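Since the structure comes first, as structure tokens, the remarks are kept for the end.
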Amino acid sequence: MNRREIMLAGTALWLAGQPQAAPAIDASSVGARAFDFLHGSWKVTHRKRRKRLANDDSWFTFPGDLTVGPILAGLGNFDDNRLADPGGAYQAHSLRIFDPGTGLWSIWWLDSRFPGLEAPVVGRFDGAKGSFFADDRLDGRPIRVRTTYEPRSDRTAQWTQAFSPDAGATWEDNWIMDFTRA
């Protein structure tokens, strides 16, 4: 992890623990409150594909807990994930930051198994569903990553992750999190 990544992670953790000041954002910023539905505590059912982009349709399921809270006077949020993965329980965090100038959200995943920051997925909400994209690599080959967030009701929501080996022409879902209010 380089110095910039360490500073960003440390700042995010510090900000998550600070009291929230009065909102300093323009309430007319379309999308600034798009993730408010996710604030609070959740029970999570994780479903993960055993092998990604390998024509393998077998999945495994495991439980988890998620707590999400606002930061930066509502321009972002930070979460705490506790995952009871059969391969070994671990903790992870998501840092989501909204840019009022572009209307885009950037989302970073921090994982205790692989400390460090990678490039964020970036995107926006279209109606109730948010779609976020990034370029990455899987087993040395380039892939496109898509994650989605969608409230399903007042008490449920869903996150999905999909990979594309062909620049977005086709997608394979490989991880689904179903959230239920705790």
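FYI, it's all coordinate maths here, none of it is from the lab. Please read all numbers here as calculations on a predicted model, not as lab measurements. No Cβ is skipped: glycine too gets one built from the backbone with ideal geometry, and neighbour counts run over all protein chains shown.
With 0.36 nm allotted per residue and the present C-alpha distance subtracted, the D57-R113 stretch has 17.7 nm of extension available.
At a Förster radius of 25 Å, what calculated FRET efficiency corresponds to the Cβ-Cβ distance of H39 and D85, to the nearest 0.05? The formula returns an efficiency of 0.55 here.
In terms of its C-alpha gyration tensor, the range 33-80 comes out prolate, because a/c is 1.5 or above and the ratio a/b outweighs b/c. With the cut-off at 1.5 for a/c, could you classify the range 23-126 from its C-alpha gyration tensor as rounded, prolate or oblate? Here the range 23-126 falls in the prolate category. Where a ≥ b ≥ c are the square roots of the eigenvalues of the C-alpha gyration tensor, would you call the range 87-182 rounded, which needs a/c under 1.5, or, failing that, prolate if a/b is larger than b/c, or oblate? Taking the square roots of the gyration eigenvalues as a ≥ b ≥ c, the range 87-182 is rounded. Scoring 117-125, 142-150 by mean Cβ neighbours within 10 Å over their residues and listing the highest first yields 142-150, 117-125.
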